[in-house]
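Enquirer: One structure is given below, represented as structure tokens, and several questions about it will come after.
The values are calculated or read from the model by the stated rules, or taken from the named source; none is laboratory data. Keep in mind the model is a prediction, meaning the values are calculated, not measured. As a convention, Cβ positions derive from the backbone with ideal geometry for all residues, glycine included, and neighbour counts pool all protein chains shown.
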Amino acid sequence: MSSKTLTRLDLTEAVYREVGLSRNESAQLVESVLDMISDALVRGESVKISSFGTFTVRSKNRRIGRNPKTGEEVPIEPRRVLVFRASHILKDKVNQGV
Amino acid sequence: MIKSELIQKIAENNPHLYHSDVERIVSTIFDEITRALARGERVELRGFGAFSVKRREARIGRNPRTGEPVAVEEKRVPFFKTGKLLRERLNATPLSE
């Protein structure tokens, strides 16, 4: 939709303004939050952040896919995918543009 | 893992920080992402994933109980796409069927 994209830098800046740690330490904390969430997901755990949403890992079975260009059948091996389900609070805020 | 457990772990790894500061740090991160999405902006966290907003067109829905048609307004919904590194990490160990 909008062309603007936030990155780690913007999150770091927000933490820096809010808590008054150095920018360097703020950056490390942003990173460790993302790492903790990733590690839990890799262990197969769900991660639930109240009023934000839930990250869940789902296992997919092997299935036969098709190369859309050539029509050739290709097996898609069993794999784990990450699903994010936004909380109602987040959905409402996004929908209202609050 | 829930938010309070995430805060607890970060606090344990950073004994020099007050627990209340760690709570604010974690909340600030998710609040900032929420505010960006509410403005219709994207949040791209390389290796982890990207949050964006998708538009759903107005449509004619149906009351599943009565079958009666209902107008559903256009809406915006949050969307998350897993980053390449995290997707690879999730599948680093081959799954046994």
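Enquirer: Search region B:18-44 for residues that are of a type in the set (Asp, Glu) and pair each with any residue that is at pLDDT 95 or above when their beta-carbon atoms are under 6 Å apart and the residues are at least 6 apart or on different chains.
Expert: Qualifying pairs under 6 Å: B:Glu23/B:Ile7; B:Glu32/A:Leu11; B:Glu32/A:Ala14; B:Glu44/A:Thr5; B:Glu44/A:Thr7; B:Glu44/B:Ala50.
Enquirer: Right, A:Ala40: modelled with pLDDT of 90 or more, touching a strand residue (DSSP E or B) at 6+ places or on another chain (Cβ under 7 Å), part of a helix (DSSP H, G or I) and of a type in the set (Gly, Ala, Ser) or not?
Expert: Numbers: modelled with pLDDT of 90 or more: yes; touching a strand residue (DSSP E or B) at 6+ places or on another chain (Cβ under 7 Å): yes; part of a helix (DSSP H, G or I): yes; of a type in the set (Gly, Ala, Ser): yes.
In short, yes.
Enquirer: Just to verify a result, which residue in region B:20-71, among those that are of a type in the set (Val, Ile, Thr) and in contact with a strand residue (DSSP E or B) (Cβ under 6 Å, 6 or more places away or on another chain), is surrounded by the fewest Cβ atoms within 10 Å (Cβ to Cβ)? If you could, list the steps in order and put the result at the bottom.
Expert: At the first step, the residues of region B:20-71 found to be of a type in the set (Val, Ile, Thr) are B:22, B:25-26, B:28-29, B:33-34, B:43, B:53, B:60, B:66, B:70.
Then drop every residue that is not in contact with a strand residue (DSSP E or B) (Cβ under 6 Å, 6 or more places away or on another chain), which leaves B:33, B:43, B:53, B:60, B:70.
Working: B:Ile33: 23, B:Val43: 23, B:Val53: 20, B:Ile60: 8, B:Val70: 10.
Within region B:20-71, the match that is surrounded by the fewest Cβ atoms within 10 Å (Cβ to Cβ) is B:Ile60.
Enquirer: Then there's this: Given region B:1-67, what strands (runs of 3 or more DSSP E) lie entirely inside it while holding 2 or more residues that are closer than 25 Å to B:Val77 by Cα, more than 7 Å from chain A (Cβ to nearest Cβ) and among the basic types (Lys, Arg)?
Expert: Correct list: B:49-56, B:59-62.
Enquirer: Another question, then. Which of the residues spanning region A:61-98 are at pLDDT below 90 and within 19 Å of the chain's Cα centre (by Cα)?
Expert: Residues satisfying the conditions do not exist here.
Enquirer: Pairs please, first residue from region A:70-98 and in contact (Cβ under 8 Å) with a residue 40 or more places away in the chain and facing chain B (nearest Cβ under 9 Å), second anywhere and basic (Lys, Arg) and surrounded by fewer than 12 Cβ atoms within 10 Å (Cβ to Cβ), Cβ atoms under 8 Å, 6+ apart in sequence or on different chains.
Expert: A:Leu82/A:Arg58
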